[in-house]
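The values are calculated or read from the model by the stated rules, or taken from the named source; none is laboratory data. The shown structure was predicted, so the numbers you read here are calculated from the model rather than taken from an experiment. Cβ placement follows ideal geometry from the backbone for every residue including glycine, while neighbour counts extend to all protein chains displayed. Only protein heavy atoms, including side chains, enter the accessible area calculation; ligands, DNA and RNA are left aside. Shrake-Rupley method; radii C 1.70, N 1.55, O 1.52, S 1.80 Å.
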Amino acid sequence: MAGNLIARSVHDLTAAAWFGGSLMGAIGLNGAAAQAKDPAERTRLSSAGWMRWAPVQTAAFAAHLAADLAIAWDNKGRIAKQDGVARDTAIKTAVTLAGAGVTLYSGILGKKVEKLADEGAKGATEPQPAASDELKSAQQQLKVLQWAIPGFAALVIILGAKHGEMQRPTNVLAGLRRN
């Protein structure tokens, strides 16, 4: 069997961790934290959960990028010669980096929310009416980003599947004939 089973497996598993972890956090962690009786605990609990997840997500990103590089190296000839592969590789790279940037910025906002936790909140991303503008802004941005992140991860997974389909012999042959 030709290929790079380990790199492909790491690539897919780390994208799945990014998708599943971010979706579970937005739904499960934030939802559970919103049930806390003390409004100040709502953001503290959510922040604590996201901070526990951050090292795992960071490791997943690092492993994902390493796997991406290994896969690209293994497929450098196909990337250069098969119609559409270089374009799709560039798109997938851009989506991955944009998603990583959004994830990083979400973490920065989460730190800000954690710092302002004493103001209390309705939920992890739902401010109280009396909250400071700084907390309201951070929570409102987090609410959007925490739903955008699984979207980026899903796109990475879909684009990875498209790359896999492009490796079918009939697609490789058709792509090489166009060049």
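Rounded to the nearest 20 debye, the dipole size of the stretch 66-109 about its Cα centre is 120 debye, using +1 on the Cβ of Lys and Arg and -1 on the Cβ of Asp and Glu. Only helices reaching 20 angstrom along their own axis (Cα) with mean Kyte-Doolittle hydropathy no lower than -0.5 count here, and for the DSSP H runs of the chain these are 5-24, 39-74, 85-115, 133-166.
The modelled label-to-label distance between Ala90 and Met24, using points 7 Å beyond Cα along the C-beta direction, is 3.7 nm. Seen through its C-alpha gyration tensor, with square-root eigenvalues sorted a ≥ b ≥ c, the stretch 60-109 comes out oblate because a/c lies at 1.5 or above while a/b is not bigger than b/c. Rounded to the nearest 20, the size of the Cβ-charge dipole of the stretch 1-147 about its Cα centre is 220 debye, with Lys and Arg at +1 and Asp and Glu at -1. A 1.4 Å probe over all protein chains sorts Arg8, Arg87, Arg78 by accessible area into Arg87, Arg8, Arg78, starting with the largest. Using a simple spin-label model with pseudo-atoms 7 Å out from Cα toward Cβ, Glu165 and Leu104 lie 3.2 nm apart. In this structure Asp133 has an accessible area near 120 Å², from a 1.4 Å probe over the protein heavy atoms. Using the Cβ-Cβ distance between Ala40 and Ala16 with R0 set to 25 Å, the FRET efficiency works out to roughly 0.15.
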